[in-house]
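The values are calculated or read from the model by the stated rules, or taken from the named source; none is laboratory data. Since the model is a prediction, treat every value here as computed from it, not as a measurement. As a convention, Cβ positions derive from the backbone with ideal geometry for all residues, glycine included, and neighbour counts pool all protein chains shown.
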Amino acid sequence: MARNRAVVLVGPMAVGKSAVGRMLAERIDARFIDTDRLIVEQHGSIAGIFARQGEEAFRTIEADVVRAALAEDAVVSLGGGAVLHPRTRDLLQDATVIFLDTDLATVLPRIGGESGRPLLAGRPAERWQALYDARRPVYAALATTVVDTRGLSVRGVTAAVLRALPALHRSDGPRGGDEAPTATHDTTHDSTYDSTPDLNHESGTRPHGH
């Protein structure tokens, strides 16, 4: 598949961006970059950065890592709060942005009792919902398209993204106005949808927590 700019996955914590990004990159023969993983490799654990330096310092570190990643012709997975930095939002205007959407009921099995996500500490469900409500308008405004991940496996989400990609590379989707179109999930004739019920069984996600 021809590409001329980064394909970027955004969305809330625990939606499965890393797992979907990895599979998507394999399918389109692209490099996969997980910015959370790069932050950990270069600066230590995200929870540790939050504890030692605070969220503002973390966002600055994150923005620098994201800037370097978005310069690549790659599939890039961003942390849930990366879109909070204005420099990152500016850079995303030149990328194909896929918003992986979900809801609390879907991610709850992945975040319950979570200790590796500093912004969810203490009351993970309540905090996740508050973060989602605050950030969703930003994800939607930046998105070229939206994929509803509820009830889908990693393969199912990846298939939905792939169906959207040809159109995305022919034109820039709506940005800054109407909400981006949501990809549909007609599984009747798609062999990539298997019996795996949802991302909980196949996510491969690691706790990043921001």
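Of the residues Asp36, Asp29, which is within 19 Å of Phe99 (Cβ to Cβ) and among the charged types (D, E, K, R)?
Answer to the selection: Asp36.
Can you confirm whether Thr205 is modelled with pLDDT of 90 or more, within 20 Å of Gly79 (Cα to Cα) and out of contact with any Phe, Trp or Tyr (no Cβ under 7 Å at 6 or more places or on another chain)? Answer is no for this residue.
Residue pairs whose Cβ atoms lie under 6 Å apart, sitting 6 or more positions apart in sequence or on different chains, and linking a residue in the stretch 92-112 that is farther than 15 Å from Val66 by Cβ to a partner that is among the acidic types (Asp, Glu) and modelled with pLDDT of 95 or more, are Asp101/Asp148.
Filtering the stretch 106-134 to residues that are closer than 19 Å to Arg150 by Cβ and at pLDDT below 85 leaves only Gly112. Residues in the stretch 135-150 that are at pLDDT below 95 and either out of contact with any strand residue (DSSP E or B) (no Cβ under 8 Å at 6 or more places or on another chain) or crowded, with 24+ Cβ neighbours inside 10 Å (or both): Thr144 alone. Among the residues of the stretch 30-44, at least one is aromatic (Phe, Trp, Tyr), surrounded by fewer than 22 Cβ atoms within 10 Å (Cβ to Cβ) and in a strand (DSSP E or B).
Output yes when any residue across the stretch 19-33 is small (Gly, Ala, Ser), touching a residue at least 60 places away in the same chain (Cβ under 8 Å) and within 18 Å of Arg163 (Cα to Cα), and no when none is. Break it down stepwise before answering.
Here is the first cut: in the stretch 19-33, the ones small (Gly, Ala, Ser) are 19, 21, 25, 30.
Then keep just the ones that are touching a residue at least 60 places away in the same chain (Cβ under 8 Å); that gives 19.
Keeping just the survivors that are within 18 Å of Arg163 (Cα to Cα) gives 19.
Looking through the stretch 19-33, at least one residue is small (Gly, Ala, Ser), touching a residue at least 60 places away in the same chain (Cβ under 8 Å) and within 18 Å of Arg163 (Cα to Cα).
Taking the stated definitions as given, is Glu62 over 15 Å from the mean Cα position of the chain (by Cα) and in a helix (DSSP H, G or I)? When the stated conditions are applied, Glu62 does not pass them. The criterion of being part of a helix (DSSP H, G or I) and crowded, with 20+ Cβ neighbours inside 10 Å holds for Ala19.
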